[in-house]
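The values are calculated or read from the model by the stated rules, or taken from the named source; none is laboratory data. All values reported here derive from a predicted model rather than from experimental measurement. So basically every Cβ, Gly included, is an ideal-geometry build from the backbone, and we count neighbours across all protein chains shown. The area values use the complete protein model at the heavy-atom level, side chains included, leaving out ligands, DNA and RNA. Shrake-Rupley method; radii C 1.70, N 1.55, O 1.52, S 1.80 Å.
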Amino acid sequence: MAIDTQVTTTGPDVTAPREDRLTGRAKLVLFVLCAAQFMVALDFSVLNVALPVLGEDLGLSRSALQWAVTAFALPSGGFLLLFGRIADLYGRKKLFLTGLVLFGAASLLASTAWDPASFLAGRALQGLGAAVIVPTGMSLLTTTFPEGPLRDKALGISGTLLSLGFTIGMVLGGVMTDTLGWRSTMGLLAATAVIVLLLAPGLLPESRTPDRPRLDVPGAVTVTGGLLALIYSLSTAAQRGFGGADVWGTLVVAVALLVAFVAVESKSPAPLVSLPMLRRRTVAWGNVGGLVTFSMMSTVVFVLTLYLQETLELSSLSTGLVFGVQGVASALAGSYAPKVIGRLGARRTLIGSLLGQGLFTAALLAVGEESGALVATIAVSVASMFHLGAIISYGLTVTSGVPDEEQGLATGLVTTTQQVGITIGIPLLGVLATTRASLFDGVHTVLLIDAVTVIAAAALVAIGLGRTGKAS
C-alpha cells in the first residue's frame, strides 16, 4: 500500500507493480472513489432546474425555494474540516462508508418527501453525508496513490468527474424532471450511493494516524460555526441581496468565529488545523488559486445561463447543449492535465491555467445582444479546459509534501475551498447581473470583473509561490 509507515493501514497494495501505471484493482479503487465524488458534484446542480416544479408539488413558496439549495450547502460546507480530521483520527474508510449510508438514506427521504419539512430534512442530511464523503474520499485517494504520476493521474480523473458532475447535473436534471419528475433526480442519487456502498468495503484500504490525540473541540465549534454562518449569509445574499440585517449579522458572526478559530488553534496542543501548515506557501497560495477558479467559473456558468435564455431566448435544451459542449471540453482537459502537470509541475500548471481561464473569460465579452451563442460556446468551453487544469493542479499543489497523517486535513482544506468557492461567487458577482436595469449590461460587467479577478489571481499566486522547478 502506498501509504506512509506512520499511518495504520490494512488492505492490498493497489499501486503495485509499476509506479506509473494503474493496475486493474487500482482502477476499481479509483472508480469507487471518483463515483462518490461525482455523485456529490451531481447533487450540487441536478435539482436546480427542477426547483419551480418541486416548489409547486410540495407547496414551497418562491422565497422558500432557496432552502432547497441552502439546506444542502450549509452542512456540506460547514462540516468538511471537522469530518476530515475525525477521519484522520478514527479511520477514513469507516467514515467514508458511514457517509455513503447517510447520503443514500437522505436521498431516499428527499425522493419520497411528503411535505417541505421532510424534503428539507433530506437535503440537510444529504449535505451532512457529503461533508463526510468528500474529505474522506479525497484523503483515501491521496493516501492510496503515492505522490507522483499515479496521484497526478488519479487526481486528474477525479477533477474531471467533479467538473463533469456539476455540468451533467444541469442537463440531466432538466431531462429527468421533464420525463420522470423531480423525484427521479433524488432517486438517482440514492441508487448511486447504493452501488458505491456495495463495492467500497472490499476494495478500499483503511488508514488513520497511529496516535489518536484528543479532538480539538473548541476549534471544531468555532470553525464549523464560522463556516455555517458564512455559507448561510452568502447563500441568502444570492437570493435577496446584501440589504438584509440577517445577511450582515451572520456575516459578522462568521468573521468573529473564524478569527476566534485562529486564536484557538494557535494555543491548542492538538489543533484541528495546523497553523504551520497554513503558513506553507503551497497550502496557502494553492487554496487561493482554488478559491478563485471555483468562485469565478461558477459565476460564469450562472450569468451565461441568464444570457443564453433571457437575452438570446434560447430554449432549455439549446442552453443545455452549450454546457454539454463545455462538459466534453472539460473531460478532454482532464485526460491531458496529468501529462501537462508531469511536464511543467503542479504550480506552473496552476498559474498558467488561471491565466488561461481569465483570458477566455474575457473573450466572452465579445458576445452581443442579438447573437453570440457560438462565441459563448467556444469561449466557455476553452475557459473550462483551463479551469479543469486549475482544479487538478491546485489540489496537487496543496497536498504535495503533506504527511499522510495530515492528508485528511489537507484534503479537507481543498474541499472546503471548493465548497466556499462555489458558494461565494454567485452572491458576490451574480447579483450585479440580476439587479441592473439591462441584463446584458449586467452580464458584461460581471464577466469583466470575473476575468480581471482570475488574471490578477494568477499573478498573485505566481508571486506567492515564488520560483519553482518542474518537480513542484
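The table that follows gives values for the structure above.
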| quantity | calculated |
| --- | --- |
| Options Leu275, Leu304: the member that is of a type in the set (A, V, I, L, M) and either touching a His at 6+ places or on another chain (Cβ under 9 Å) or open to solvent by 10 Å² or more (accessible area, probe 1.4 Å) (or both) | Leu275 |
| Filtered residues of the range 98-114 (kept if open to solvent by 40 Å² or more (accessible area, probe 1.4 Å) and of a type in the set (A, V, I, L, M)) | Val101, Leu102, Ala105, Leu108, Leu109 |
| Inter-residue pairs, beta-carbon under 8 Å, first farther than 15 Å from Asp43 by Cβ and in the range 188-200, second open to solvent by 50 Å² or more (accessible area, probe 1.4 Å) and modelled with pLDDT under 90, 6+ apart | Leu199/Leu28; Leu199/Phe31 |
| Matching option when the condition is among the hydrophobic types (A, V, I, L, M, F, W, C), over 22 Å from Leu128 (Cα atoms) and at pLDDT 70 or above, among Leu172, Leu189, Leu227 | Leu172 |
| Leading residue by the ranking (nearest to Thr98 (Cα to Cα)) among those in the range 177-203 that are surrounded by 21 or more Cβ atoms within 10 Å (Cβ to Cβ) and more than 22 Å from the chain's Cα centre (by Cα) | Trp182 |
| Filter result for Lys153 (surrounded by fewer than 22 Cβ atoms within 10 Å (Cβ to Cβ) and either among the basic types (Lys, Arg) or part of a helix (DSSP H, G or I) (or both)) | no |
| Verdict on Leu429 being surrounded by fewer than 24 Cβ atoms within 10 Å (Cβ to Cβ), more than 30 Å from Arg85 (Cα to Cα), within 23 Å of the chain's Cα centre (by Cα) and modelled with pLDDT of 70 or more | yes |
| Checklist (1) modelled with pLDDT of 70 or more; (2) under 14 Å from Phe38 (Cα atoms); (3) not hydroxyl-bearing (Ser, Thr, Tyr) applied to Phe166, failing item | (1) |
| Cβ-Cβ under 8 Å pairs, at least 6 apart or on other chains, the range 86-111 side more than 19 Å from Gln126 (Cβ to Cβ), far side of a type in the set (Gly, Ala, Ser) and surrounded by fewer than 24 Cβ atoms within 10 Å (Cβ to Cβ) | Lys93/Ala200 |
| Verdict on Ala16 being farther than 22 Å from Val402 by Cβ, assigned to a loop (DSSP other than H, G, I, E, B) and modelled with pLDDT under 75 | yes |
| Some residue of the range 115-129 being at pLDDT below 90, part of a loop (DSSP other than H, G, I, E, B) and either crowded, with 24+ Cβ neighbours inside 10 Å or not aliphatic (A, V, I, L, M) (or both) | yes |
| Filter result (farther than 19 Å from Leu413 by Cβ and of a type in the set (Phe, Trp, Tyr)) within the range 244-294 | Trp248 |
| Residue in the range 28-41 that is farthest from Gly174 (Cα to Cα), counting only those that are open to solvent by 10 Å² or more (accessible area, probe 1.4 Å) and under 13 Å from the mean Cα position of the chain (by Cα) | Gln37 |
| Hey, Leu365 in a helix (DSSP H, G or I), open to solvent by 10 Å² or more (accessible area, probe 1.4 Å), closer than 21 Å to Gly442 by Cα and in contact (Cβ under 8 Å) with a residue 12 or more places away in the chain or not | yes |
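Yes/no matrix, rows are residues, columns are (1) among the small types (Gly, Ala, Ser); (2) at pLDDT below 80:
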{"position": "Phe31", "(1), (2)": "no, no"}
{"position": "Ala64", "(1), (2)": "yes, yes"}
{"position": "Val69", "(1), (2)": "no, yes"}
{"position": "Phe79", "(1), (2)": "no, no"}
